[in-house]
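Engineer: Dropping a structure here in structure tokens format, bear with me for questions.
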Amino acid sequence: MTSSLPLPPPELSLGEQLRILIDQLPEEGVSLGVLLDVFGDEGLLLLTAMMVLVFLVPVSIPGVSTVFGAAILMVGVSRLTGRPLWLPRKLRERVLPGARVRAALASGLKWVQRFERISRPHRLRKLAEQRAWLVVGNLAFITAALLLMAPLSFLPFSNTIPGVALLLYSIGFIQRDGGAVLAGHLAQLTSIVYFGAVLAGGGAALKNLIS
């Protein structure tokens, strides 16, 4: 079992990095820790993008948003603090069969190819690469995850709008596409306005009821 893998050039898109890694995967297997070290936070962003696909429908799924939202929140905190996502040692050292990892990456590559069709790498790059804007983006990412976790599944679009924001943030950060990040900010602003209107309307209704 290999203890390391060559790191693909960071200037390549995630799809190109995936293609290189698939070709380099050893048949005897690779540990989860090695894969995370190779992909860094971009691999977690791909995972985030795949998780939020569940919520891109008007009807919320009770319970799922809390679990997935918590996982996405951990990814956001990891990005904001600049620290790798913590995993137990046994989990990091667990050997994954090479054939299965290759199949999983090939499946993920299909999603990446779809993402790449709507994204343009290095467009408005300051929004996706400049430190100050990254802090803003990561805070917005965390806020969107918190909204996704909110126990408001009875409200239409309560998971969908934050999910769209998180998907756009993930694509933008992966592709260094400031245009996608900007679209994520607009979706997140829509989320805040929507939730604010719901809370204001609920407060007004409660006030009238009490009166």
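The values are calculated or read from the model by the stated rules, or taken from the named source; none is laboratory data. This is a predicted model, so every value here is computed, not measured. FYI the Cβ positions are ideal-geometry reconstructions off the backbone, even for glycines, and counts take in every protein chain you see.
Engineer: Does Ser78 count as in a helix (DSSP H, G or I), modelled with pLDDT of 75 or more, surrounded by 13 or more Cβ atoms within 10 Å (Cβ to Cβ) and among the polar types (S, T, N, Q)?
Structural biologist: yes
Engineer: Okay, next question. Would you please name the residue that is modelled with the lowest pLDDT, looking only at residues in the stretch 61-75 that are surrounded by 21 or more Cβ atoms within 10 Å (Cβ to Cβ) and either among the small types (Gly, Ala, Ser) or within 18 Å of Leu139 (Cβ to Cβ) (or both)?
Structural biologist: Here is the first cut: in the stretch 61-75, the ones surrounded by 21 or more Cβ atoms within 10 Å (Cβ to Cβ) are 65, 68-69, 72, 75.
Among the residues that remain, those that are also either among the small types (Gly, Ala, Ser) or within 18 Å of Leu139 (Cβ to Cβ) (or both) are: 65, 69, 72, 75.
Details: Ser65: 72, Gly69: 81, Ile72: 87, Val75: 88.
Among them, the one singled out is Ser65.
Engineer: Also, quick follow-up: Given the criterion under 21 Å from Ala71 (Cβ atoms) and modelled with pLDDT of 75 or more, identify the matching residue among Arg125, Arg89.
Structural biologist: Arg89
Engineer: With the requirement that a residue be small (Gly, Ala, Ser) and either closer than 17 Å to Gly15 by Cβ or within 14 Å of the chain's Cα centre (by Cα) (or both), what does the stretch 172-190 give you? Spell out the reasoning first.
Structural biologist: Taking the stretch 172-190 first, the residues small (Gly, Ala, Ser) are 172, 178-180, 183-184, 187.
Of everything in the stretch 172-190, those that are small (Gly, Ala, Ser) and either closer than 17 Å to Gly15 by Cβ or within 14 Å of the chain's Cα centre (by Cα) (or both) turn out to be Gly172, Ala180, Gly184.
Engineer: Search the stretch 7-19 for residues that are in a helix (DSSP H, G or I) and among the polar types (S, T, N, Q) and pair each with any residue that is modelled with pLDDT under 70 and surrounded by 20 or more Cβ atoms within 10 Å (Cβ to Cβ) when their beta-carbon atoms are under 9 Å apart and the residues are at least 6 apart or on different chains.
Structural biologist: Gln17/Phe39
Every residue, every condition in (1) closer than 16 Å to Glu116 by Cα; (2) of a type outside the set (A, V, I, L, M, F, W, C); (3) touching a Leu at 6+ places or on another chain (Cβ under 9 Å), yes or no:
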position	(1), (2), (3)
Val135	no, no, yes
Pro156	no, yes, no
Thr160	no, yes, yes
Ile171	yes, no, yes
Gly179	yes, yes, yes
Leu186	no, no, yes
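Engineer: Can you tell me which residue is modelled with the highest pLDDT among those in the stretch 20-32 that are surrounded by fewer than 18 Cβ atoms within 10 Å (Cβ to Cβ) and within 23 Å of the chain's Cα centre (by Cα)?
Structural biologist: The selected residue is Ile20.
Engineer: Considering Gln175, Gln113, which residue is surrounded by 18 or more Cβ atoms within 10 Å (Cβ to Cβ) and either within 30 Å of Pro26 (Cα to Cα) or modelled with pLDDT of 75 or more (or both)?
Structural biologist: Result: Gln175 is the single residue among Gln175, Gln113 that is surrounded by 18 or more Cβ atoms within 10 Å (Cβ to Cβ) and either within 30 Å of Pro26 (Cα to Cα) or modelled with pLDDT of 75 or more (or both).
Engineer: I would also like to ask the following. Look through Leu44, Leu35, Leu53 and report the one residue that is more than 21 Å from Glu129 (Cβ to Cβ), at pLDDT 75 or above and aliphatic (A, V, I, L, M).
Structural biologist: Leu53
Engineer: Give me a count of the residues in the stretch 124-170 that are surrounded by 22 or more Cβ atoms within 10 Å (Cβ to Cβ), in contact (Cβ under 8 Å) with a residue 40 or more places away in the chain and of a type in the set (Gly, Ala, Ser).
Structural biologist: 8
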